[in-house]
Amino acid sequence: MTAHWQEQVSLKPYNTFGIDVKARYFAQVHTDDEVREALAQARQRGLAVMVIGGGSNVLLTRDVDALVLHMASRGRHVLGDGAGCVLVEAEAGEPWHPFVQWSLQQGLCGLENLSLIPGTVGAAPMQNVGAYGVEIKDVFAGLTALDRQTGELRDFGLEECAFGYRDSLFKRNPGRWLILRVRFALSHQLQAHLDYGPVRQRLAEQGVQEPTAQAISDAICSIRREKLPDPAELGNAGSFFKNPVVAVEQVARIRAEFPGVVAYPQADGQVKLAAGWLIEQAGWKGYRDGDAGVHRLQSLVLVNYGQASGAQLHGLAQRIQADILARFGVELEMEPNLY
Ligand code: FAD
Ligand code: NAP
């Protein structure tokens, strides 16, 4: 089947910042054949292609003079069960959180800490999504992607994806790989990760003595709902900046002036600074300029109060970056993909 192309489509419903820009062409794709055909037609017409899933990690600063391909493929199933590992596969267009809940309903553990992350399965490997001490690389079993340069299908294993902190081969090569489906190695046995942030404390408050994967998921959902703005109510793309990873000496210099700096030692000897703490110290928490602002509870999250443009939000982000560099000597890197 051929995907139906629409012209001059507002992308407001397709990005969680709620930015109202237009796509020159827009098509929803449900199958590998529809993806291939849409890419071939775009090539024939000399059109650029932008792939979008849930639009929860993009900042759109202008109309998109391209074909926007909206990933709408569906399907999730168990591929195999043995040797303590259950192999599960999901199509790229599957919404992430319902997929996590489905895996828990199958009695499978591994994705519980990644509950309530917006977006799609296909975008999750892009930045190796992570939360509460777990990243998808920890349960990743492989993916199938289409090489947009050659049209060939390729399977990627863990090593080939070069996952890093909010990073991957796919993020570093924008426009090259279109992820079609992703596989995960889950387990019937829970390996609980409770030592991150307030997870253990929340479970204790809820009277949970021996947590199940579902109980951990529920606790994480309740923490996230308290702290993070729901994009359906207030436009945002989650954390706007990555937590900077810096040398120990730099942390020592910052600590001499700011003893309360929040810093987490990493396995490689470097130190991860909480970007939200730096931004809060600099006085940006709750800041608002027109409809572009910094969330009042979590300063790592930029928000759109209604009519902010992508350029206004980007401008605010650049002012914050310049201020943090001047005060702490730390460069903040944007997390969402900028268009
Ligand atoms: P999109 O925004 O649609 O796309 C992101 C990028 O991936 C774009 O460059 C796009 O072109 C590309 N892309 C999308 N689909 C494909 C595909 N199939 N093949 C190739 N490229 C593709 N992130 C975390 O890591 N941890 C969190 O805890 C977290 N919490 C969040 C909370 C909130 C409230 C919000 C709004 C965001 C949060 N995020 C978090 C960020 C975001 O949800 C994730 O990065 C998510 O994986 C993005 O998925 P998406 O489908 O919305 O991607
Ligand atoms: P938080 O718990 O207030 O923690 C603040 C920061 O400190 C986080 O960014 C986290 O880094 C870091 N941190 C906390 N405990 C840590 C530990 N034990 N070891 C190492 N680092 C630690 O953060 P939050 O904003 O409420 O988010 C909770 C989790 O959800 C975090 O993992 C966060 O990354 C994730 N999240 C991500 C997004 C996104 O868009 N990327 C949005 C919302 C939430 P890390 O970010 O490196 O984990």
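Before moving on, here are some points about what is shown:
- Looking only at region 16-54, residues that are free of Cβ contacts under 8 Å to residues at least 60 places away in the same chain, crowded, with 19+ Cβ neighbours inside 10 Å and under 18 Å from Gly310 (Cβ atoms) come to 3 in all.
- Pairs with Cβ under 7 Å, 6+ apart, first in region 127-150 and among the hydroxyl-bearing types (Ser, Thr, Tyr), second modelled with pLDDT of 95 or more and within 11 Å of ligand 1 (Cβ to nearest atom): Tyr132/Asn113; Tyr132/Ile220; Thr144/Leu180; Thr144/Arg181
- Residue check, Gly197 touching a helix residue (DSSP H, G or I) at 6+ places or on another chain (Cβ under 9 Å), modelled with pLDDT under 95 and part of a loop (DSSP other than H, G, I, E, B): yes
- Screening Asn173 against (1) among the polar types (S, T, N, Q); (2) in contact (Cβ under 8 Å) with a residue 40 or more places away in the chain; (3) within 25 Å of Met334 (Cβ to Cβ) leaves a single unmet condition, (2).
- Number of residues in region 253-290 that are over 25 Å from the mean Cα position of the chain (by Cα), among the aliphatic types (A, V, I, L, M) and in a helix (DSSP H, G or I) equals 2.
- Within region 291-304, not a single residue is more than 16 Å from ligand 1 (Cβ to nearest atom), surrounded by 15 or more Cβ atoms within 10 Å (Cβ to Cβ), of a type outside the set (Ser, Thr, Tyr) and part of a helix (DSSP H, G or I).
- Among the residues making up region 217-246, those that are within 12 Å of ligand 1 (Cβ to nearest atom), surrounded by fewer than 20 Cβ atoms within 10 Å (Cβ to Cβ) and among the hydrophobic types (A, V, I, L, M, F, W, C) are Cys221, Ile223, Leu228, Ala232, Leu234.
- Of the strands (runs of 3 or more DSSP E) lying entirely inside region 3-59, those carrying at least 1 residues that are within 11 Å of ligand 1 (Cβ to nearest atom) are 22-29, 49-52.
- Gly197 meets each of the listed conditions (1) more than 29 Å from Ala38 (Cα to Cα); (2) touching a Leu at 6+ places or on another chain (Cβ under 9 Å) apart from (2).
The values are calculated or read from the model by the stated rules, or taken from the named source; none is laboratory data. From a predicted model like this one, the values you see are computed outputs, not experimental measurements. Positions of Cβ are generated from backbone atoms using ideal geometry, with glycine treated the same way; all protein chains shown enter the neighbour counts.
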